[in-house]
1. With a cap of 15 neighbouring Cβ atoms within 10 Å, and only residues DSSP puts in a loop, list the trypsin sites (Lys or Arg not before Pro) found in the range 57-118.
2. Would you kindly state the longest site-free stretch of the chain, with sites defined as GluC sites (Glu not before Pro) in a DSSP loop (not H, G, I, E, B) surrounded by at most 16 other Cβ atoms within 10 Å?
3. Mind pulling the angle between the C-alpha long axis of helix 67-81 and the longest principal axis of the chain? Nearest 10 degrees, somewhere in 0 to 90.
4. If we restrict to alpha carbons, what Rg and Dmax does the range 21-160 come to, in Å?
5. Which option, (i) 17.9, 62; (ii) 20.6, 64; (iii) 27.7, 85, is the value of Rg and Dmax of the Cα atoms in Å that was calculated from these coordinates?
6. Take the residue pairs Lys18/Lys51; Lys154/Lys233; Lys2/Lys42 and return only those whose Cα atoms are more than 20 Å apart.
7. Under a crude label model (7 Å from the Cα following the beta-carbon direction), how far is Phe17 from Thr190 in nanometres?
8. Counting other Cβ atoms within 10 Å, keep those with at most 13, restrict to DSSP loop, and tell me which trypsin sites (Lys or Arg not before Pro) in the range 118-214 are left.
Amino acid sequence: MKKADYYVYVYIDPRDFKPFYYGMGKGSRKDAHLFDRTSSQKTARIEEVRKEGLEPLIRVLARGLTEEQAFVVEATLIWQFKDVITNRVSGRFIDKFRPQRTLHKEIVGFDYDHRLWYFNVGDGEHRQWEDNISYGYVGAGQKDVFQEAIEGLKPGDAIAAYLSGKGYVGVGKVVGAAKPAREFRLGDGTLLIDKPGVAPNIRDNLNDLDNCEWMAPIRWEATVPRSQAHFQKKAGLFTSRSVRASLIHPETIRFVEQKFGIRDLFAFTDAPL
């Protein structure tokens, strides 16, 4: 059984009662910094305090910890207060923490995981499969529920594209966030809606974010024309009227992998963008 004789401590500046250093250890480790003569922000702060005739306040924040537990608590405190403390090292396990100053955005592995999706690409006046292949995207829209469906695609997700009434027509990886039609640009910087020959009503409701077309950029791994869509009747393959659905059906996954030459669709979600 691992010994639980570690603790986590903090050095506090008595002039404003703000913490300026976190550490972990056992025995007399918490007092060792008072005798540290190396040049660092920590020792400089201690000297500043002493010039005022004071000593840093040293307080134990958690005790009775194993070494591993102490490392985790220390790293958590350093991560939280990194901008205002003098620790030069971020602590062990810091690679398990989200990057600093990223709370304003979603981060894969923290806020969401890569997913494998069934995606019904639809077809008609507002979108057509040939455009999806030519310009590297999938689309949905004309109703807020369809907008929400495409916004649920996150960079790094994989999709198995299904064309209603035909079958599976492509496998690709999401390489960017979904955007409304009026903002969706291609690699050359041009707007998709300005391309000649795209679906005739792709520009409908451009100024209505709930009812316009939305597009998510896709890097296609493999596609087939609609005339060669892959499907097998009475084989129990997964289909859905939903635009987007989790693809967790083993038989369908194997079918798609075989038809499109993908060894492992789930591993495909972890391939570099």
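Coordinate-derived values only; no laboratory data. The model shown is predicted, which means the values in this text are computed figures rather than measured ones. As a convention, Cβ positions derive from the backbone with ideal geometry for all residues, glycine included, and neighbour counts pool all protein chains shown.
1. Numbers: sites: Arg59, Arg63, Lys82, Arg88, Arg92, Lys96, Arg101, Lys105, Arg115; in loops: Arg88, Arg92, Arg101, Lys105, Arg115.
Sparse-neighbourhood loop trypsin sites (Lys or Arg not before Pro): Arg88, Arg92, Arg101, Lys105.
2. On the way: sites that count: Glu52, Glu106, Glu125, Glu183.
That would be 184-273.
3. So the inclination is approximately 80 degrees.
4. Rg then Dmax for the range 21-160, in Å: 25.7, 79.
5. Identified label for the calculated read-out: (iii).
6. Values: Lys18/Lys51 17 Å; Lys154/Lys233 31 Å; Lys2/Lys42 31 Å.
Among Lys18/Lys51; Lys154/Lys233; Lys2/Lys42, the Cα-Cα distance tops 20 Å for Lys154/Lys233; Lys2/Lys42.
7. Taking the simple label geometry, Phe17 and Thr190 are separated by 6.6 nm.
8. Values: sites: Arg127, Lys143, Lys166, Lys173, Arg182, Arg185, Arg203; in loops: Arg127, Lys143, Lys166, Arg182, Arg203.
Those satisfying the criteria are Lys143.
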